[in-house]
Structure formats: structure tokens, C-alpha cells
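Okay, structure first, notes after.
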Amino acid sequence: MDLRLPPGLADGPGLAARAAERFSLHLLKAALGQPRLAASATALATEMAREWVCDRVFVGVVERRFSRVVALSGGAAMASTQPLMVDVARAMDEALDQGAHVACPQQPEERPRVTRAHAQLGQRHGMGAVLTVPLFVQTQPVGALLFERRSGPFFDEAWAQQVHAVASVLAPMLQLQAERDQGLLLRGLRHITSRWRALPLHHRRLWLAGAPLAVLALVGLMFVPLEHDVAAASTLQGRVQRAVAAPMDGYLKAVHVRAGDNVKAGDVLAELVDDDLRLEQRRRQTEVIQHESAYGDAMARQDRGALVLAEARAAEARAQLGLVEAQLARTRLVAPFDGQVIAGDLQQQLAAPLRRGELLFTLTPTRELRLLLQVDERDSAHVQPGQKGAVTFSALPSQRFELVVERLSPVAQAADGRNVFEAEAQLLAAPQDLLRPGMQGLAQLQAGRQPLGWLLSHHITDWLRLQWWRFVA
């Protein structure tokens, strides 16, 4: 019977073996060049259909003890629920159950095999000849190859053996591709199952006997009470913050501090341009002198009317002078108390225009600090005033500072996409020389003792209760 094989596969036993190896390597190269199982199997089916003159070639893999068609030669896409694919999968299962290839129609020299599914496949879909070759890795079924010809030579035993030689090389590759396409959970379960089956029988019995004890120990461990700590992001701030604003419209003359500098009460922070005010001061001083001189002349002449007028004008000039001097004093911005500048860097804005009330600096006292905690709304019920805890700052990760909660805000606010309640805490015996306003860290608040099982699951159970209330109650 005429049968076309790849070049050299029918030239003799030695040449046939070498040709089968070359063709197997060619198929492996075509399959491994694809990233997914479906693409690799399609490349295999297409190459085999072209080289072995078949109308169609199907590739299937074993999933949960049954075959599933994953590829068809030519890259045609067909759903696994279509009648053709269902019948092809049944034919593959028939060959896998018998552990040998199945050809339909069978040749007289072949060993008789069950071909019911193959015969139905040929009748329903007009297939003249069908051959299914199962794929095994050791004794584990991996998949199957199904070849179809609508006309031409049938598949005989010699042709099937040549396909077996190539398929034995492809089976491990398909197994690895199928396992790689599975999820991490399924791969883990397969690994555990294989390791379990590899254990000796007496080891399995020991494991089965110890499993109930391990479960009881785990259940008992869930009732062991442990410390329940509520974690909260924290920020160190000054208890009082004082804003230093521009006292009038003007221009910035000099800046003596910047954010992060420590200052003492009375230190000059910045100065405004005062040239116009000094000119106004000298003009007002001259007016005061003139009116006082006129007052003296009127007194010498005993001119009562001129005396009263000169006295009034002198008083007005002195008031105007006092106003100018007060404005001159406000051109020097001074620190109201000992503290630290936490906002305000005006070094690059010299000679810039300022408007009255514009914020220039923010100061906070370094000796009066408070800790602001952002407590997640799920943990807010476990935080109360007077509760103790500890905080570690990012700048000082090796040190812990004791704290006590002073108050908890009754109103939630949004922060980083979640609802939080702001709590205010006081640090206990913290070295002030190490702490700076603006430092951030993580606080742990002591919320009593709870069973380990509750600590591990209370967030999940609370979420499940909420979902139950939303969809069922």
C-alpha cells in the first residue's frame, strides 16, 4: 500500500530511525517557537498534516482523565463543544483506554481493537480513514494525535509504528506545555499529588495517622490568646502652628531663614523694602518740628488762636509719624516664639511683590509636639482615649517611643482611597532633640488580647458579614 513519509523514513531501518529523529527535531523546533500550548500544538498538527499527506490532524491533551482537543492543523479555530470536536475527543479516549493506536478501518494484519468511537467519527463527518496514536510519558497518559484522510491510502501497522517513533518524542514536550498553561494552584496540586504517590506505603500511613493530630493542634492553636495591636500611620506635628504673613503690600528685601531652621523669639525672619517708608518718616519728622516751632512762636506772641492751631497740627503730625514708624517696624518679620520653621522658602523670591496677608512662613514650637494617627475605619472600634502604644519613625527605625491616645475624631475623612479616623496622641518621655515636626512612622496601639484565629480572620469575617447584609438581609 502506498504511504508517503518524510524523506528517508522508508529507505531502510537505519535510515528510517535517523529520518524520524530529524523529523522529530523539526517538529520540536516548530512547537517550541510558540509561547502557548494551543499555538505549539497547531504548529505540530500543521507540520504533520503537510509532511504525512493528511487532510486534517488533531492534537488533544488529557485533562481530568478525559481528552480535550487543543489544536487542528491549518490553525482553524473550533470550539471544544462542537460535534466534531466532541467525537474526536471520544475517539482519543478510546485509544487511550486501550493503551495503543487505533485505526479505522482496520487492516487484516492488525490486532483487533475496539473502534466504535472511530467508526462513528468517520460516519458522521465523512472521514475515509482515521488513526489515533496515544501519547504517554512513562505510564501516564498525556494526550493523543488523530490523523484523518478522506481518500487515499489507509493507515497500516507499519505507518502507525513510524508515527509512534515521532510521538514518543513529542509527548514530554506537550506535557510540559500543558502544565505551563495551567494555573499556579493546579500545578501545585499536581506536584503534591505526584509527591504523595511517590511516598512508600508506610510513610503514607504515618501521614494519615498524624493528620488528625495536626488538625487538632492547629485548632487548639487558633484559641491561643495573643496581643491585638492596631496599626496606624502616624505624622509628628507641632501642637501649635503660627502663620507669619505679609503685614502690608510691598517687596521682599531679605530672607534670613528657610524651612527646617530653628529660631528663637525675636529673631528676624525676613525684611521688606522700607525706602519709601523711611522717606515718609523723615517728612513726618520735619512736619512735627515745624508745627512745634510754630507752637513756640504762638506762645511767645501769646496768640491763643495760633497756639491752639499749631498744637493740633503738631499732634496730627506726631500721629502720622507714629503710624509710619509702626509700618517700619512691621517691615521686619520676627519669630513670635522659640520654634522651627516648617514651611516657607523665599530665598528665590527676593524683590518679589507681596500682597497684604500673603503667607510667608509657618512656625511651630519644637518643645510642644503631638502625634496624629490615621486609624482605618475597620479598626476604629478598637481605639479609645487613654489607650497606650508605641511608634517607630522612618527616620529612627531602631527606636520605639511610647505614646498615649488623647482623643479620637468622631468624623471620618478620606486618605489614600480609604476612610480613616484621625486620632491625636501624646508622646511619653520622648527626647525632643531627636524629633522634628513632619516625621512620619508607624504606630501600634494596644487593643487587648484576642485568640489567634480571631486575629487572623476578623477582617475577612467582617467583610463577609457586610456582603451578607448587602445581598441577603
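Points worth noting:
- Toward the positive end of the charge dipole of the range 250-363, with +1 on the Cβ of Lys and Arg and -1 on the Cβ of Asp and Glu, the farthest Cα among Ala259, Ala312, Val341 is that of Ala312.
- Over the range 319-473: Kirkwood hydrodynamic radius from C-alpha pairwise inverse distances, Å: 20.0
- Taking the charge dipole of the chain about its Cα centre, with +1 at Lys and Arg Cβ atoms and -1 at Asp and Glu Cβ atoms, the residue from Leu32, His125, Gln467 reaching farthest to the positive side is His125.
- Rg and Dmax of the chain, both derived from C-alpha coordinates alone, stand at 45.6, 157 Å.
- Residue order, fewest to most beta carbons within 10 Å, for Val391, Val230: Val230, Val391
- Along principal axes, Cα extents of the range 183-304, largest first, whole Å: 134, 34, 22
- Taking the number of Cβ atoms within 10 Å of each Cβ as an exposure proxy, the fewest-first ranking of Thr364, Thr46, Thr193 is Thr193, Thr46, Thr364.
- Adding -39500 (n - 2.57) for every DSSP H run of four residues or longer, then dividing by how many residues the chain holds, sets the calculated 222 nm ellipticity at -14000 deg cm²/dmol.
- The range 13-187: Cα Rg divided by the 2.2 N^0.38 Å rule of thumb: 0.97
- Degrees, to the nearest 10: 452-471 long Cα axis against longest axis of the chain: 90
- Hull-based mean projected area of the range 342-398, where the convex hull spans the alpha carbons, in square nanometres: 8.0
- Burial ordering of Val69, Val88, Val334, Val420, fewest other beta-carbon atoms within 10 Å first: Val334, Val420, Val69, Val88
- With the gyration tensor restricted to C-alpha atoms of the range 250-363, the semi-axes of the equivalent ellipsoid amount to 43, 14, 9 Å, longest first.
- Between 0 and 90 degrees, the angle of helix 184-198 with respect to the longest Cα principal axis of the chain falls at about 50 degrees.
Read-outs throughout are calculated quantities, based only on the coordinates presented, and are distinct from any laboratory measurement. It should be emphasised that the depicted structure is a prediction, and the values quoted were computed from it without experimental measurement. Cβ: placed from backbone, ideal geometry, glycine included. Neighbour counts: every protein chain shown.
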